[in-house]
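Asks: I'd like to ask some things about the structure below.
The values are calculated or read from the model by the stated rules, or taken from the named source; none is laboratory data. Here the structure is a predicted model, which means the values were calculated and not measured. Don't worry about glycine lacking a Cβ; one is built from the backbone with ideal geometry, like all the others, and counts go over all protein chains shown. What goes into the accessible areas is simple: the full protein's heavy atoms, side chains included, and nothing from ligands, DNA or RNA. Shrake-Rupley method; radii C 1.70, N 1.55, O 1.52, S 1.80 Å.
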Amino acid sequence: MIVEFGKTGAERPRLVARLVAEGALPADCDAVTRAAAEAQRFTGKSGQVFEFFAAGEGGATVRHALAGIGEPGAKDRIATLEKAGGALTAKYLTSGEPALAIDFADSGLSAEEAAAVLLGARLRGWRHDVYRTRLKDDQKASLATIVALGAPAGAEAAWEIESAIAEGVEFTRELVTEPANVIYPESFVERCRARLEGTGIEIVVLGKEEMTALGMGALLGVAQGSVREPRLLAMRWKGKAGARPTAFVGKGVTFDTGGISIKPAAGMEDMKWDMGGAGAVAGTMLALARRKAQADVIGVCGLVENMPDGNAQRPGDVVTSMSGQTVEVINTDAEGRLVLCDALTWVQKEYSPATIVDLATLTGAMIISLGHEHAGMFSNDDLLASQLDAAGKASGDSLWRFPLGAAYDKLIDSPIADMKNVGPRYGGSITAAQFLQRYVDKGVAWAHLDIAGTVWVDKAGATHDKGATGFGVRLLDRYVRDVLEA
């Protein structure tokens, strides 16, 4: 969806929305419009939309909407403004109208607040209709352009930043939504190459032979049952030189059958999004490059497909990770931590980052714990945890911190290897994080984000439709803004 600024007069779209604060209907509303709005209980709450028609210049009929933006002093002001923009798009996306003008005059919004409305509108408009060949006309998205009228000074510059974030979120949604016969390790890399070309991001790709030479037995063990060869993708945006870089590491299991410990058939199609962590990392890197972030960031994606053929690893196998630590594979469906542990070791040896944040759709237990409202956070560093928590609150990608501790760590000790890849049924998300912590070097601030419940949803939200949410991109970008660029 395109956002344009400053069009007026004859170029104004025939669909115009005005922004209304809660409890403050526009003073120039005529009596009929006011009565109709009140009859439909439109009060200006965020997310409310009231539509009416009126005669325009030359006798043309103009479609009007009043969009509620909530209370001016609300604590979650940015979220309420994004919700307002999203509500407009949700209402008019398939309306037949090609363009929507949002009139910011007299709204009292700052440049950043106006950009928030536009961001919500654009994000809510993302759809992936590539494979839908039988859509009826009234089902097809028609709304392609949003025109900002009377935008406050600085709004266009603020939008340049937010549009970069939107592009990153949309790229993540695209990767997560594509089926596994389209996005697999090799094609994930190639799609990233295509989207990142010309951005200034440096790309490094390791294939099976290189990873074998490096001793990545944990990652390779997951991949050995698939005809799709694994890849390790590293993307570096060096917008600022000097200090040690920050690393974002994503789990990229492009399809997860569970391997020999095969999953139930019902719902297995959802496992195309088991690469949501890698998708979030790729989208974040695109966003950082697009807005020319003043930070040195490395994004690493461990990419595999977990399949149950005759060459697949078995429960009871022992693999040796790149770190030299050995793992008894109790359950081949606990594969994400095996991919991540080698990716974590590699990025530390190759780039010596000061901070690592990994993202992974790691455990079903996290969905049981938090549902689809928060991602779980585990960290060895209280400052990093507080910074990520603040970034989550500011961006809307919410986190909830869980404990780590020696008592949990003992639950993954193995009688024949250095560790097992799963612990008992209870505390499953915690023992998964304890596993990963064993691969983090001393002195490195690390956080693990279990995003299993947040990358894909079955109902539409304020700024997303059903399906891929793009969770993680806005969180990581906000962390970069508030911490690395501060």
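Asks: Restricting the search to segment 127-173, which residues are of a type outside the set (A, V, I, L, M, F, W, C), over 20 Å from Ser95 (Cα atoms) and open to solvent by 10 Å² or more (accessible area, probe 1.4 Å)? First the steps, then the outcome.
Replies: Step one: list which residues in segment 127-173 are of a type outside the set (A, V, I, L, M, F, W, C), which gives 127-129, 131-134, 136-140, 142, 145, 150, 152, 154, 156, 160, 162-163, 167-168, 170, 172-173.
Next cut, over 20 Å from Ser95 (Cα atoms) only: 131, 150, 152, 154, 156, 160, 162-163, 167-168, 170, 172-173.
Those that are of a type outside the set (A, V, I, L, M, F, W, C), over 20 Å from Ser95 (Cα atoms) and open to solvent by 10 Å² or more (accessible area, probe 1.4 Å): Tyr131, Gly150, Pro152, Gly154, Glu156, Glu160, Glu162, Ser163, Glu167, Glu170.
Asks: Also: Across segment 108-126, what is the total count of residues that are more than 20 Å from Asp397 (Cβ to Cβ) and either free of Cβ contacts under 8 Å to residues at least 60 places away in the same chain or surrounded by fewer than 16 Cβ atoms within 10 Å (Cβ to Cβ) (or both)? First the steps, then the outcome.
Replies: Filtering segment 108-126 down to residues more than 20 Å from Asp397 (Cβ to Cβ) leaves 108-111, 114.
Those left that are additionally either free of Cβ contacts under 8 Å to residues at least 60 places away in the same chain or surrounded by fewer than 16 Cβ atoms within 10 Å (Cβ to Cβ) (or both): 108, 110-111, 114.
Total satisfying the criteria: 4.
Asks: Can you pull out the residues in segment 65-91 that are buried (at least 18 other Cβ atoms within 10 Å of the Cβ) and either more than 24 Å from the chain's Cα centre (by Cα) or part of a strand (DSSP E or B) (or both)?
Replies: Those that are buried (at least 18 other Cβ atoms within 10 Å of the Cβ) and either more than 24 Å from the chain's Cα centre (by Cα) or part of a strand (DSSP E or B) (or both): Ala65, Leu66, Ala67, Gly68, Ile69, Gly70.
Asks: Just wondering, is there one or more residues in segment 207-215 that are open to solvent by less than 20 Å² (accessible area, probe 1.4 Å) and either without any contact (Cβ under 8 Å) to a residue 40 or more places away in the chain or more than 23 Å from Arg478 (Cα to Cα) (or both)? Can you show your working first?
Replies: Within segment 207-215, the first condition is being open to solvent by less than 20 Å² (accessible area, probe 1.4 Å), and the residues that meet it are 207, 211.
With either without any contact (Cβ under 8 Å) to a residue 40 or more places away in the chain or more than 23 Å from Arg478 (Cα to Cα) (or both) added as a condition, the list becomes 207, 211.
Looking through segment 207-215, at least one residue is open to solvent by less than 20 Å² (accessible area, probe 1.4 Å) and either without any contact (Cβ under 8 Å) to a residue 40 or more places away in the chain or more than 23 Å from Arg478 (Cα to Cα) (or both).
Asks: Going by what's in this entry, would Ala105 be described as among the aliphatic types (A, V, I, L, M), within 22 Å of Ala155 (Cα to Cα) and either open to solvent by 30 Å² or more (accessible area, probe 1.4 Å) or without any contact (Cβ under 8 Å) to a residue 12 or more places away in the chain (or both)?
Replies: Working: among the aliphatic types (A, V, I, L, M): yes; within 22 Å of Ala155 (Cα to Cα): yes; either open to solvent by 30 Å² or more (accessible area, probe 1.4 Å) or without any contact (Cβ under 8 Å) to a residue 12 or more places away in the chain (or both): yes.
So Ala105 passes the test.
Asks: On the given criteria, is His464 over 15 Å from Thr284 (Cα atoms), in contact with a helix residue (DSSP H, G or I) (Cβ under 8 Å, 6 or more places away or on another chain), in contact (Cβ under 8 Å) with a residue 40 or more places away in the chain and open to solvent by 10 Å² or more (accessible area, probe 1.4 Å)? Please lay out each step first, then the result.
Replies: Working: over 15 Å from Thr284 (Cα atoms): yes; in contact with a helix residue (DSSP H, G or I) (Cβ under 8 Å, 6 or more places away or on another chain): yes; in contact (Cβ under 8 Å) with a residue 40 or more places away in the chain: yes; open to solvent by 10 Å² or more (accessible area, probe 1.4 Å): yes.
When the stated conditions are applied, His464 passes them.
Asks: Right, something else. What single numbered condition from (1) open to solvent by less than 10 Å² (accessible area, probe 1.4 Å); (2) part of a loop (DSSP other than H, G, I, E, B); (3) at negative phi fails to hold for Leu436?
Replies: Looking at each condition in turn, Leu436 falls short on (2).
Asks: Given the residues Thr133, Thr94, which is the only one that is under 28 Å from the mean Cα position of the chain (by Cα) and free of Cβ contacts under 8 Å to residues at least 40 places away in the same chain?
Replies: Working: Thr94 fails: free of Cβ contacts under 8 Å to residues at least 40 places away in the same chain.
From the options Thr133, Thr94, the qualifying one is Thr133.
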